[in-house]
Structures are given as C-alpha cells and as structure tokens.
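Structure, as structure tokens:
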Amino acid sequence: MAIVALGVALMSIWFGLALIHRSIENRLIREVLFEWRRLGQTYAARGGRWPVFDGSNHAVYMRELQARLQREGLISLRRARRLSFAPRVARIGRRDERLFLLLLPGRMVVFGLTARTFARIDRQVDGAEDPARGSFTGRPASDGHHMIGNWQL
C-alpha cells in the first residue's frame, strides 16, 4: 500500500512540475515574445527609424530600440522595465534558460532556447513543430546545446 501511495505522490509531483513548466513557457511566449513582436510591427508600421545594428552591438542596439519605443509612446517606462529583451526562464529542478531577443526590422531573433522551448514556441506560432518551415524557424547554436529561433514578422 505504501508503494502505491508513493507512486501516486511521485506522479502528482511530476504532473504538477510539468504544468508549472508549461505555464512558464506559455507566459514567456504570450507576455514577452508576442509583446515584442507587436511592438516591432507597430513601430515599423509607424515608420519608426531603427537603430543601427552592426552585428556585435546586441545589447546596445536593444537598449536604444527600447528607448525609441518609449519616445514614440509605444511602451511606458514602467512596462519597459518589466519587458526584458534578456528574459530568464526559471524552472524547478532544471537549469534556467537565459534568452536574448534581438528585434530587427521584419524579424526577431531569439538566442539561448533549449530544444524543448523552441518546439513549444514553434507549435504556438506555426501550429506545427518544424524548425525549417513556417514563420518561426531555427537552427542549432554553435554551443550544440541551444537553438536560435528566427521569427519573421
């Protein structure tokens, strides 16, 4: 009887953790990625001038873009502080994912994705998991452990 109770408890914990992790991923997608996408599309539609990206100034570029979005009234100072372009996905029992978003004219690049998080985003954006097709595509990062997502806006 104790073994059955232990089994039920372990399955409950496993199921609960899976729900928590899915909730965290969905929040990242909905409140961070989709919000940056909306901001980029709105900024482009208004004819906003994008900062110069030289291929090596990732953080400087994103800080300048965030400042321009604020000046255009697309994002409040308070919202800009909460809407990070370097979000951290904290999970229980797993290593945190440290992402970096690069919003460029017509696309968003997401660095630091695990294969699992990449697949979840791909399914939500494109309706299917295929890193080679759809508006959200990707490739393995040079470290061999992460993916780089490329979202055509």
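The values are calculated or read from the model by the stated rules, or taken from the named source; none is laboratory data. Since the structure is predicted, the reported quantities are computational estimates derived from the model, not experimental observations. Please note that ligands, DNA and RNA were not included when accessible areas were found on the heavy atoms of the full protein model with its side chains. Shrake-Rupley method; radii C 1.70, N 1.55, O 1.52, S 1.80 Å.
Quickly estimate the mean residue ellipticity at 222 nm for the chain, helices only: each DSSP H run with n ≥ 4 gives -39500 (n - 2.57), and the total goes over all residues, rounded to 500.
Details: 5 runs with 70 residues, N = 153.
Value at 222 nm, helices only, nearest 500: -15000 deg cm²/dmol.
Would you list the membrane-span-like helices of the chain, meaning whole DSSP H runs whose alpha-carbon atoms span at least 27 Å along their axis and whose mean Kyte-Doolittle value is at least -1.0? Walk me through the intermediate numbers first.
Values: long enough: 2-27 (37 Å, 1.19).
Within the chain the helices that satisfy the rule are 2-27.
Residue by residue, what Karplus-based ³J(HN,Hα) values in Hz, rounded to whole numbers, does segment 140-153 have, using 6.51, -1.76 and 1.60 with θ = phi - 60° and x for Gly and Pro?
Along segment 140-153, the couplings run x, 6, 5, 6, x, 10, 10, 10, 10, x, 10, 10, 6, 9 Hz.
Please list the non-local residues whose amide H lies under 5 Å from the amide H of residue 148, H modeled 1.01 Å from N, same-chain partners needing a gap of 5 or more.
139, 141
If I compute Cα Rg over 2.2 N^0.38 Å from the structure I just sent, which labelled value in [x] 2.44; [y] 1.40; [z] 1.22 lines up?
For Cα Rg over 2.2 N^0.38 Å, the calculated option is [z].
Can you sort 56, 84, 12 by solvent-accessible area, 1.4 Å probe, largest first? Working shown, then result.
Values: 56 90, 84 45, 12 70 Å².
Largest accessible area first, the list is 56, 12, 84.
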